[in-house]
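Just so it is clear, none of the values below were taken in a lab; they were calculated from the coordinates. Worth saying up front: this structure is predicted, and the values here are computed from it rather than measured. Backbone-built Cβ (ideal geometry, glycine too); neighbour counts: all protein chains shown.
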Amino acid sequence: VFGSAVFGIEATTITIEVNIDKGIGYHLVGLPDKAVSESSYRISAALNNNNYKLPGKKIIINMAPADIRKEGAAYDLSLAVGILAASNQIKSEKINEYLIMGELSLDGSLQPIRGVLPMAIKAREEGFKYFILPKENAKEAAIVNDLEVLGVNNILEVINHFNGDVKINPTIVDTRAEFYKNIDFPEFDFSDVKGQESIKRCMEIAAAGGHNIILIGPPGSGKTMLAKRLPSILPPMTLHEALETTKIHSVVGKTKNNGLLYQRPFRSPHHTISNVALVGGGQYPKPGEISLSHNGVLFLDELPEFKREVLEVMRQPLEDRDVTISRAKFTVTYPCSFMLVASMN
């Protein structure tokens, strides 16, 4: 059975091997974290509640490649399908054409997962024909063409699909039509600002050239209002930019269920933000605010209130348009081509 792990903003295909032997026990190997190790309880309850069962034998599951850390509960469905296939509870002739991901609830229903778009892109690259995942994420994965996306609500639908009882209907999204239909409806419109002609002219020049801008003025003079409406006068995103931006937001789990991002992102972090939260990183790397505002606007309200080291770490990303995070075990690069808008009194 095949699953997928997201590392940076790229995915790696994970092969899940299940061996059922004489004896008792459930052994999961291949560098799983705590959430993956706990999957046995969720899988057991989900199968029992749907009239299937974990075989009472020795189950050994290997998640290869074994040197990549597997984290999160998104492997529940792949592990469950692997166990059912190995114990001949489902038919599995064509199982190698499927990429399967999803988090199980105890009643067998599926919870949404993160990083679906990079997974779908990788699945298409590696020649998979089908991608089974939770219904909430199906629209996002369906952005990728030449891949049949099968959104499911519970594990029973997956079992029936493999047994040939009830086939799952693929989710189909016409990405181009959807994209061009929604591109002209920004959340905040620049035409809301009345008067302020000189500052509006400055904002238009900054937007036209992609220049960074600082707004200085007394409280209540409309600095934040102007900054929030800046994305609406930036050129519309191209489909390529939209895909790139959606990919980053997908990794953090911020795409909700609307699939592609149509508008340029606008991020406005509070001045107490840490430098790791701004540029990205952490024990297991995640994109920071500068990467989430890729192809959009990063707004730093009350600029002098930000810690000096936070502002210093932005020097190189502003210059290079990407940020490389290096730790002892990994190096990961995130794109961060954004327009910086700052304000102060």
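Compute the angle between helix 39-48 and the longest alpha-carbon principal axis of the chain, please, reported from 0 to 90 degrees and rounded to the nearest 10.
It is inclined by approximately 60 degrees.
If contacts are Cα pairs under 8 angstrom and at least 6 residues apart, what is the relative contact order of the chain in percent?
In percent, rounded to a whole number, it is 14.
Mark the label point 7 Å from the Cα of Arg69 along Cα→Cβ and return the residues of the stretch 275-313 whose backbone N is within less than 19 Å of it.
276-288
Would you please give the residues with an amide H less than 5 Å from that of Asp322, counting only those at least 5 places away or on a separate chain, with H modeled from the backbone geometry?
Those lying under 5 Å, H to H, from Asp322 are Cys336.
Where is the GNM fluctuation largest for the chain (alpha-carbon springs, 10 angstrom cutoff): Asp322, Asp192, Asp33?
Comparing Asp322, Asp192, Asp33 in the GNM, the peak value goes to Asp192.
Putting +1 on Lys and Arg Cβ atoms and -1 on Asp and Glu Cβ atoms, find which of Asn153, Asn48, Tyr130 reaches farthest to the positive end of the dipole of the chain.
Asn48
With a Förster radius of 30 Å, plug the Cβ-Cβ distance of Leu311 and Ile233 into 1/(1 + (r/R0)^6) and report the FRET value to the nearest 0.05. Could the numbers behind the result be given before it?
On the way: r = 26 Å, r/R0 = 0.87.
Between Leu311 and Ile233 the formula returns 0.70.
Just to be sure I understand the model, the point goes 7 Å from the Cα along the line to the Cβ. What's the resulting Asn345 to Asn212 distance in nm?
A separation of 2.4 nm, rounded to one decimal place.
Please compute, over every Cα-Cα pair in the stretch 291-331, the percentage with a separation greater than 13 angstrom.
Details: 539 of 820 pairs.
That fraction is 66 percent.
Each label point is 7 Å from the Cα along the Cα-to-Cβ direction; what then is the distance between the points at Glu17 and Ala277, in nm?
Those two pseudo-labels are separated by 4.4 nm.
Take the Cα gyration tensor of the stretch 201-345, multiply each eigenvalue by 5, square-root it, and list the three semi-axes largest first, rounded to whole angstrom.
24, 20, 13
Taking the Cα centre of each part, how many Å lie between the stretch 1-59 and the stretch 187-244?
Measuring centre to centre over Cα atoms gives 49 Å.
Please give the length that would be gained between Ser198 and Arg176 if that part of the chain were fully extended, namely 0.36 nm times their separation in residues minus their C-alpha to C-alpha distance (nm, one decimal). Intermediate values should be presented prior to the final figure.
Values: separation 22, 0.36 × 22 = 7.92 nm, distance 3.72 nm.
4.2 nm is the gain from fully extending Ser198 to Arg176.
Please tell me the relative contact order of the stretch 223-345 in percent, rounded to the nearest whole number, where contacts are Cα pairs under 8 Å and at least six residues apart. Write out the running numbers ahead of the final one.
Numbers: 193 pairs, mean separation 31.3, N = 123.
In percent, rounded to a whole number, it is 25.
Where the only charges are on Cβ atoms (+1 Lys, Arg; -1 Asp, Glu), what is the dipole of the chain about its Cα centre, to the nearest 20 debye?
Details: 37 positive and 39 negative charges, 87 e Å.
In total the dipole reaches around 420 debye.
Among the aspartates and glutamates, which fall within straight-line cross-link reach of Lys200, defined as a Cα-Cα distance under 17 Å, with same-chain neighbours fewer than 8 residues apart omitted?
List returned: Asp189, Asp192.
Restricting attention to the stretch 1-45, which GluC sites (Glu not before Pro) occupy a DSSP loop and are surrounded by at most 16 other Cβ atoms within 10 Å?
Working: sites: Glu10, Glu17, Glu38; in loops: Glu38.
Hits after loop and neighbour filter: Glu38.
Can you give the convex hull volume of the alpha carbon atoms of the stretch 60-148 per residue, in Å³? Please list the in-between numbers first.
Numbers: hull volume 10.1 nm³, N = 89.
Per residue, the Cα convex hull of the stretch 60-148 comes to 113 Å³.
Could you work out which residue, out of Phe179, Phe188, Phe162, moves most in a Gaussian network model of the chain, that is, has the largest mean-square fluctuation with Cα springs under 10 Å?
Phe188
Assuming 0.36 nm per residue, please report the length gained on full extension of the stretch Ser191 to Glu93 beyond their Cα-Cα distance.
Details: separation 98, 0.36 × 98 = 35.28 nm, distance 5.90 nm.
Fully extending the segment from Ser191 to Glu93 adds 29.4 nm.
So if I take the centroid of the Cα atoms in the stretch 61-94 and the same for the stretch 326-341, what is the distance between those two points in Å?
Measuring centre to centre over Cα atoms gives 32 Å.
Could you calculate, for the chain, the ratio of the Cα radius of gyration to the Kirkwood radius, expressed as Rg to Rh? Please report the intermediate quantities before stating the final value.
Working: Rg = 23.3 Å, Rh = 22.1 Å.
For the chain, the value is 1.05.
Between Asp184 and Val252, what is the spin-label point distance in nm, taking each point 7 Å from the Cα along the Cα→C-beta axis?
About 3.0 nm separates the two model spin labels.
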